[in-house]
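Peer 1: One structure coming up, written as structure tokens, with questions to follow.
The values are calculated or read from the model by the stated rules, or taken from the named source; none is laboratory data. All values reported here derive from a predicted model rather than from experimental measurement. Cβ sites come from the backbone with ideal geometry, for glycine too, and all protein chains shown count toward neighbours.
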Amino acid sequence: MLDVQAIRKDFPILHQSVHGKPLVYLDNAATTQKPRQVIQALVDYYEGYNSNVHRAVHTLGQKATAAYEESREKIANFIGAPSSQDIVYTRGTTEAINLVSYTWAEENIGPGDEIVVTEMEHHSNLVPWQRIAQAKGATLKGIPLKEDWTLDMSTLGSVITERTKLVAVTHMSNVLGTIVPVKEIVQAARRVGAKVLIDGAQAVPHMRVNVADLDCDFYAFSGHKMCGPTGIGALYVKEEVLKEMEPFHRGGEMVREVWFDRATWNDLPMRFEAGTPNIADAIALGAAVDYLQTLGMDNIRQHEIEITSYAIEAFKELEEDLDHYGPRDLQYRGGIISFYAEDVHPHDLGTFVDSYGVAIRTGHHCAMPLMRQMGLPATARASFYVYNTTEEIDILVDALKKALRYFSK
Ligand code: PLP
């Protein structure tokens, strides 16, 4: 069980008013708030030991390098990676997926090959594969959704074929909250020798993830969705795959030896981290991992199941005017509710509830193909995290009731 009131004390930003009302922050799928512990890690670095990493012999440089690498260890341990060498720091999920598309996919995907995604991907895990498919003469295929907003796993055998080279799937949909049975997908991909990339942007912050157990080849996620800073994330790559990959960016620190006309590459994972990295944010991401581990990932998941189940029940009061989407079985669903009211544009709904202090996201959520499939121009979305309470759900539902009444006039 989480002590939500104690947790809320760790988040300075939550204690403010918006339009004269207490802030109710329900846009956690876009980005989460940061606890003092993470903010302090940034302050400690900049006030105490700001220095470049992997270069200097001086004390501050040594301290910064140790903290930067310790953070990598924490991240590896957090997601069950066999070694911290399998973790490449990136700017976030988007950069991590692009890294794979510009390196591994460039070398390994050719004419006639197939790349399989799901029909509910974030643009981050779709547009990079469109580029590869177009450039290489490969085909992009989608695992379809069922009416209950879960993946139609019965199609795996026909969608994933001998031609499939890569299966790139989300672990949790940022629109529907659907949790994807990625382990089964990895097993199906293995049968045809395909590699698997998992977009874990919405999964790592909310549930226990173990990449070794999943046996995936690539796993990408973002720090800012898990109490960490923006501008930092990570890509896990299975060692045997990473060893064979060509570097992404070229420049300082990713090299071992440089001559005028050629160079050799540094050890893993530095080979993939050219130039001065995002040191402060990498260290603060380690502090975010510490924070989440202290709360316990199973407790976080349980809290979100409880909040989501409370919200689904509370939304029954709105069901005449408003539809919501996503699996009803909470075993297959994270803390996300997307909803749509026939008579009110989601942006109007979002602006109205903001005047009651409630922050929700409205729009296509970077998932336009899914919006088209849902037959909607956009949705409003409430997404929950460790500091959200059932009282906040009541405030949301109350503000939505007022909005629906107001716009029906
Ligand atoms: N994938 C999913 C499922 C997401 O929800 C997001 C962000 O919303 C991303 C990828 C992209 O993450 P980032 O913008 O941090 O790179």
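Peer 1: Could you tell me whether segment 208-216 includes any residue that is surrounded by fewer than 21 Cβ atoms within 10 Å (Cβ to Cβ), modelled with pLDDT of 95 or more and in contact with a Pro (Cβ under 6 Å, 6 or more places away or on another chain)?
Peer 2: Checking segment 208-216: at least one residue is surrounded by fewer than 21 Cβ atoms within 10 Å (Cβ to Cβ), modelled with pLDDT of 95 or more and in contact with a Pro (Cβ under 6 Å, 6 or more places away or on another chain).
Peer 1: Are there strands (runs of 3 or more DSSP E) fully within segment 227-300 with at least 2 residues that are of a type outside the set (D, E, K, R) and surrounded by 13 or more Cβ atoms within 10 Å (Cβ to Cβ)? List them.
Peer 2: Numbers: elements: 233-237, 255-258, 263-265.
Here the list reads 233-237, 263-265.
Peer 1: With the condition being of a type in the set (Lys, Arg), I'd like the helices (runs of 4 or more DSSP H) fully within segment 326-409 carrying at least 2 qualifying residues.
Peer 2: Numbers: elements: 346-354, 368-374, 390-408.
Passing ranges, in order: 390-408.
Peer 1: May I pose another question? Kindly provide the set of residues from segment 226-263 that are within 16 Å of the ligand (Cβ to nearest atom) and either under 20 Å from Tyr68 (Cα atoms) or free of Cβ contacts under 8 Å to residues at least 12 places away in the same chain (or both), ordered by number.
Peer 2: Narrowing segment 226-263 to residues within 16 Å of the ligand (Cβ to nearest atom): 226-236, 248.
Once the filter is applied, which keeps residues that are within 16 Å of the ligand (Cβ to nearest atom) and either under 20 Å from Tyr68 (Cα atoms) or free of Cβ contacts under 8 Å to residues at least 12 places away in the same chain (or both), segment 226-263 yields Met226, Cys227, Gly228, Pro229, Thr230, Gly231, Ile232, Gly233, Ala234, Leu235, Tyr236.
Peer 1: Residue by residue through segment 64-106, note down the ones that are part of a helix (DSSP H, G or I), more than 16 Å from the ligand (Cβ to nearest atom) and among the hydrophobic types (A, V, I, L, M, F, W, C).
Peer 2: Result: Ala64, Ala66, Ala67, Ala76, Phe78, Trp104, Ala105.
Peer 1: Filter segment 158-170 for residues that are aliphatic (A, V, I, L, M) and more than 16 Å from the ligand (Cβ to nearest atom) and give the result.
Peer 2: Taking segment 158-170 as the starting set, the residues that turn out to be aliphatic (A, V, I, L, M) are 159-160, 166-169.
Listed by number, the residues that qualify are Val159, Ile160, Leu166.
Peer 1: A further question follows. Please find, among Ala96, Ala64, Ala56, the residue that is touching a helix residue (DSSP H, G or I) at 6+ places or on another chain (Cβ under 8 Å) and surrounded by 21 or more Cβ atoms within 10 Å (Cβ to Cβ). Spell out the reasoning first.
Peer 2: Details: Ala96 fails: touching a helix residue (DSSP H, G or I) at 6+ places or on another chain (Cβ under 8 Å); Ala56 fails: surrounded by 21 or more Cβ atoms within 10 Å (Cβ to Cβ).
Exactly one residue qualifies, and that residue is Ala64.
Peer 1: I've got another one for you. Kindly indicate whether any position in segment 171-184 is within 16 Å of the ligand (Cβ to nearest atom) and assigned to a helix (DSSP H, G or I).
Peer 2: Yes: one or more hits.
Peer 1: Would it be correct to say that Ala135 is modelled with pLDDT of 95 or more, among the small types (Gly, Ala, Ser), away from the ligand (no atom under 16 Å from the Cβ) and surrounded by fewer than 18 Cβ atoms within 10 Å (Cβ to Cβ)?
Peer 2: Values: modelled with pLDDT of 95 or more: yes; among the small types (Gly, Ala, Ser): yes; away from the ligand (no atom under 16 Å from the Cβ): yes; surrounded by fewer than 18 Cβ atoms within 10 Å (Cβ to Cβ): yes.
Here the answer is yes, as Ala135 does meet what is asked.
Peer 1: Filter segment 199-217 down to residues that are within 20 Å of Asn278 (Cβ to Cβ) and touching a helix residue (DSSP H, G or I) at 6+ places or on another chain (Cβ under 7 Å) and give me whichever is nearest to the ligand (Cβ to nearest atom).
Peer 2: Of all residues in segment 199-217, those within 20 Å of Asn278 (Cβ to Cβ) come to 200-201, 204-205.
Still in the list and also touching a helix residue (DSSP H, G or I) at 6+ places or on another chain (Cβ under 7 Å): 201, 205.
On the way: Ala201: 4, Pro205: 10 Å.
Across segment 199-217, the extreme among qualifying residues is Ala201.
Peer 1: Within segment 351-409, how many residues are among the β-branched types (Val, Ile, Thr), closer than 20 Å to His15 by Cβ and out of contact with any helix residue (DSSP H, G or I) (no Cβ under 7 Å at 6 or more places or on another chain)?
Peer 2: From segment 351-409, those among the β-branched types (Val, Ile, Thr) are 351, 353, 358, 360, 362, 379, 386, 389-390, 393, 395, 397; that's our starting set.
Filter once more, so that each one left must be closer than 20 Å to His15 by Cβ: 353, 358, 360, 386, 389-390, 393, 395.
After this cut, where a residue has to be out of contact with any helix residue (DSSP H, G or I) (no Cβ under 7 Å at 6 or more places or on another chain) as well, the list is 395.
Residues that pass the stated criteria total 1.
Peer 1: Separate question: List pairs: first residue in segment 355-379 and within 21 Å of Gly335 (Cβ to Cβ), second residue within 14 Å of the ligand (Cβ to nearest atom) and of a type in the set (Lys, Arg) anywhere in the structure, Cβ distance under 9 angstrom, at least six positions apart or on different chains.
Peer 2: Ile360/Arg381; Arg361/Arg381; Thr362/Arg381; Gly363/Arg381; His365/Arg381; Thr379/Arg361
Peer 1: Kindly indicate whether any position in segment 314-328 is within 15 Å of the ligand (Cβ to nearest atom), of a type outside the set (S, T, N, Q) and more than 29 Å from His15 (Cα to Cα). Lay out the reasoning, then the answer.
Peer 2: Applying the first criterion (within 15 Å of the ligand (Cβ to nearest atom)) to segment 314-328 yields 326.
From the residues that got through so far, the ones that are of a type outside the set (S, T, N, Q) too are 326.
After this cut, where a residue has to be more than 29 Å from His15 (Cα to Cα) as well, the list is 326.
Yes, segment 314-328 has at least one match.
Peer 1: Right, Val196: within 16 Å of the ligand (Cβ to nearest atom), farther than 30 Å from Ile312 by Cβ and at pLDDT 95 or above or not?
Peer 2: On the way: within 16 Å of the ligand (Cβ to nearest atom): yes; farther than 30 Å from Ile312 by Cβ: yes; at pLDDT 95 or above: yes.
In short, yes.
Peer 1: Taking the criterion of being within 16 Å of the ligand (Cβ to nearest atom), surrounded by 16 or more Cβ atoms within 10 Å (Cβ to Cβ) and on the phi > 0 side of the Ramachandran plot, would at least one residue in segment 143-157 satisfy it?
Peer 2: Yes, because at least one residue in segment 143-157 is within 16 Å of the ligand (Cβ to nearest atom), surrounded by 16 or more Cβ atoms within 10 Å (Cβ to Cβ) and on the phi > 0 side of the Ramachandran plot.
Peer 1: When you look at Ser173, is it crowded, with 24+ Cβ neighbours inside 10 Å, on the phi < 0 side of the Ramachandran plot and out of contact with any Leu (no Cβ under 9 Å at 6 or more places or on another chain), yes or no? First the steps, then the outcome.
Peer 2: Values: crowded, with 24+ Cβ neighbours inside 10 Å: yes; on the phi < 0 side of the Ramachandran plot: yes; out of contact with any Leu (no Cβ under 9 Å at 6 or more places or on another chain): no.
No, not satisfied.
Peer 1: Could you go through segment 3-25 and let me know if any residue there is within 16 Å of the ligand (Cβ to nearest atom), farther than 20 Å from Ile279 by Cβ, polar (S, T, N, Q) and part of a loop (DSSP other than H, G, I, E, B).
Peer 2: no
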